[in-house]
Amino acid sequence: MNRATPPPPPGAVPPGTAQGDGLKIATRTLPVGTDGNGHMIDLSADASRLLKSVGMSEGQVTLFVPGSTAAVTTIEFEQGLKQDLPAAMERVAPVDETYRHNEAWHDGNGHSHVRASLMGPSLVVPFTGGRLMLGTWQQIVLCDWDNRPRNREVILQFIGK
Amino acid sequence: MNRATPPPPPGAVPPGTAQGDGLKIATRTLPVGTDGNGHMIDLSADASRLLKSVGMSEGQVTLFVPGSTAAVTTIEFEQGLKQDLPAAMERVAPVDETYRHNEAWHDGNGHSHVRASLMGPSLVVPFTGGRLMLGTWQQIVLCDWDNRPRNREVILQFIGK
Amino acid sequence: MNRATPPPPPGAVPPGTAQGDGLKIATRTLPVGTDGNGHMIDLSADASRLLKSVGMSEGQVTLFVPGSTAAVTTIEFEQGLKQDLPAAMERVAPVDETYRHNEAWHDGNGHSHVRASLMGPSLVVPFTGGRLMLGTWQQIVLCDWDNRPRNREVILQFIGK
């Protein structure tokens, strides 16, 4: 089966291809206060608003969270999954497990570091027509795995035209 | 030990550095039918073919799957791992576990959402000389964790020159 | 609460927005010898040094590891977590579990493949002012999950201006 987008007719400019007109970059910082302990915060509306403000139509936004106890991913942002995702992480990196990190630093957040490293701090979301190409039930979320409230500065870097 | 690429001789143009000639962007959509339930689909050949069609030699492709029950990663695409990866996910987010998501929405795919969020919906693969820089035994795969067959539209966005 | 960066005053050029001056790309290869078996190697200093050498101030670096038994993420690079992260992976994909991959290929690294695919081979880190936007205690690491020492060639691809 031909699973690809059909090719454009001969002589046509392929949709979505820049004609050497150069790309732009814009870097924004989004302050986000969290409760920690697996708190998930929906960043989709902020990402859409910032996309509008940088005035690009086609490109991608990279979300990156500085710090080693938080992560960025997508999820259907509803009440159930806000409990189900941390419950799964409790199987992988339980809060009450013994961590060498805690033995050395006594901050009790060994599980936070492990969870954040597993999920990863970066996410890339494409956009076309000035709109993020997210699914209807798919939201961009910051997951703060630290064991206390934190003030984060999420980076949103837009590249496009 | 000097682990880095040696610097170019004085006055030389560093290989792989554009001289302000501008980058291009091209966004493509790849329809993919899946069986769900951990079905993995090798997208490498499609990614290579689309790379050829956009005519770039150096850059990167971002793969992104809209929707909150699928993920994109790389794997050695062989029969054994097609079973081993879902088996590992069963330890993290078992199908028959209790999910708050299922209690609220009754669609029985709480585990699908958790697995997809853990793996993440985006992947970035660089290319040079018009070829994806994948390892010999490394393929790009869509993992559909939903509990039923799905028609996906995977986004491949190329940035380069 | 207004969580976003305040908009620029009317008529001002938004900080961090290129004025159509075009972006550059530079691709570098970093040879890294590893011990395998969950060995983590801090790539932050190499990434910063290569960023300096490509002469960009604002943009992003994509790190990508070719091969299907290693991954790239960030972590607080200290002795405790070097043991805690592999310990968590042992819960997800235990070394001594039965893997179909091993039954077919007899290389004993089924767990390595599963761990690498879960973490993912790519990471994107933004930079501004010529500096990577990492947190103070956040380092870029290669995690080699293979069951033997490996010589890796990590790709660092810079896009920016």
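Taken together, the values in this text are just the output of simple stated rules run on the coordinates, not laboratory data. Since we're looking at a predicted model, the values are computed, not measured. Glycine also receives a Cβ, built like all others from the backbone with ideal geometry; neighbour counts cover every protein chain displayed.
Just to confirm a number: summing +1 for Lys and Arg and -1 for Asp and Glu over residues other than C:Leu85 whose beta-carbon lies under 14 angstrom from that of C:Leu85, what do you get?
Net local charge, C:Leu85 excluded: -2.
Work through the residues other than B:Glu103 whose Cβ is under 15 Å from its Cβ and net out their charges, Lys, Arg +1 and Asp, Glu -1.
So the environment of B:Glu103 carries a net charge of -4.
Hey, can you grab everything whose amide H is under 5 Å from the amide H of B:His39? Only 5+ residues off in sequence or another chain; H modelled, so Pro and N-termini drop out.
Correct list: B:Asp144.
If you filter region B:29-132 for GluC sites (Glu not before Pro), then keep DSSP loop positions with at most 16 other Cβ within 10 Å, what is left?
Within region B:29-132, the qualifying GluC sites (Glu not before Pro) (loop, at most 16 other Cβ atoms within 10 Å) are B:Glu78, B:Glu97.
Where the label is 7 Å out from Cα toward Cβ, how close does B:Ala104 come to the same position in every other copy, in nm, shortest first?
Counterpart label points of B:Ala104 in the remaining copies fall at 3.8, 3.9 nm.
Explain nothing, just the number: dipole magnitude of the protein assembly as shown about its Cα centre with +1 on each Lys and Arg Cβ and -1 on each Asp and Glu Cβ, in debye rounded to the nearest 20.
Charge dipole, the protein assembly as shown, about its Cα centre: 1820 debye, nearest 20.
As I understand it, the dipole of region C:30-109 uses +1 on the Cβ of Lys and Arg and -1 on the Cβ of Asp and Glu, about the Cα centre. Which of C:Gly108, C:Val72, C:Gly59 lies farthest toward its positive end?
Among C:Gly108, C:Val72, C:Gly59, the one farthest towards the positive end of the dipole of region C:30-109 is C:Gly59.
Any idea what angle helix B:79-92 forms with the longest principal axis of chain B, computed on alpha-carbon atoms, 0 to 90 degrees, nearest 10?
Computed tilt is about 60 degrees.
Need one number: nm distance between label points at A:Glu97 and C:Asp96, each 7 Å from Cα along Cα→Cβ, rounded to one decimal.
Simple spin-label model gives 1.7 nm for this pair.
Using alpha carbons only, how many angstrom separate the centre of region A:81-110 from the centre of region B:87-161?
24
Shielding by partners for C:101-113, please: the mean number of other protein chain Cβ atoms within 10 Å of each residue's Cβ.
Partner-chain Cβ atoms within 10 Å, mean over residues of C:101-113: 3.
Only four residue types carry charge here, +1 at the Cβ of Lys and Arg and -1 at the Cβ of Asp and Glu. Report the dipole size of region B:9-161 about the Cα centre in Debye, rounded to the nearest 20.
About 580 debye.
Treating the point 7 Å from Cα along Cα-beta-carbon as the label, what are the nm separations from A:Thr136 to the other copies, to one decimal?
Those label-point separations list as 4.7, 4.7 nm.
Please determine, in degrees from 0 to 90 and to the nearest 10, the orientation of helix B:44-54 with respect to the longest principal axis defined by the Cα atoms of chain B, where the helix direction is its Cα long axis.
The helix B:44-54 is inclined about 40 degrees to chain B.
Could you tell me the ratio Rg/Rh of chain B? Both radii from Cα atoms, Rh via Kirkwood.
Rounded to two decimals, Rg over Rh is 1.09.
Using a label point 7 angstrom from Cα along Cα-to-C-beta, what distances in nm, from shortest up, separate A:Gly55 from the other copies?
Copy-to-copy label distances for A:Gly55: 2.9, 2.9 nm.
What angle, in degrees between 0 and 90 and rounded to the nearest 10, separates the Cα long axis of helix B:110-119 from the longest principal axis of the Cα atoms of chain B?
The two axes meet at around 20 degrees.
Mean residue ellipticity at 222 nm from the helices of chain B, using -39,500 (n - 2.57) per DSSP H segment of n ≥ 4 over the full residue count, to the nearest 500 deg cm²/dmol?
So the calculated ellipticity at 222 nm is -7500 deg cm²/dmol.
When we measure straight from the Cα of C:Lys24, which lysines land under 17 angstrom away, once same-chain ones fewer than 8 places off are left out?
Leaving aside lysines fewer than 8 places away in the same chain, those within reach of C:Lys24 are A:Lys24, A:Lys161, B:Lys24, B:Lys161, C:Lys52, C:Lys161.
Could you give the length gained on full extension between C:Gln79 and C:Trp105, defined as 0.36 nm per residue of separation minus the Cα-Cα distance, in nm?
Contour length minus Cα-Cα distance gives 6.0 nm.
With a ≥ b ≥ c taken as the square roots of the eigenvalues of the C-alpha gyration tensor of the protein assembly as shown, please select rounded if a/c is under 1.5 and otherwise prolate if a/b is larger than b/c or oblate if it is not?
Note, shape of the protein assembly as shown comes out rounded.
Show the residues, 5+ positions off or on another chain, whose built amide H is closer than 5 Å to the amide H of B:Arg152.
Result for B:Arg152 returns B:Val32, B:Gly33, B:Thr34.
Nearest 20 debye, what's the magnitude of the dipole of region A:86-148 about its Cα centre given +1 on Lys and Arg Cβ and -1 on Asp and Glu Cβ?
It comes to approximately 340 debye.
Compute the Cα gyration tensor for region B:101-150, then decide on rounded, prolate or oblate, letting a ≥ b ≥ c be the square roots of its eigenvalues: rounded whenever a/c is under 1.5, prolate when a/b is larger than b/c in the other cases, and oblate in all that remain.
prolate
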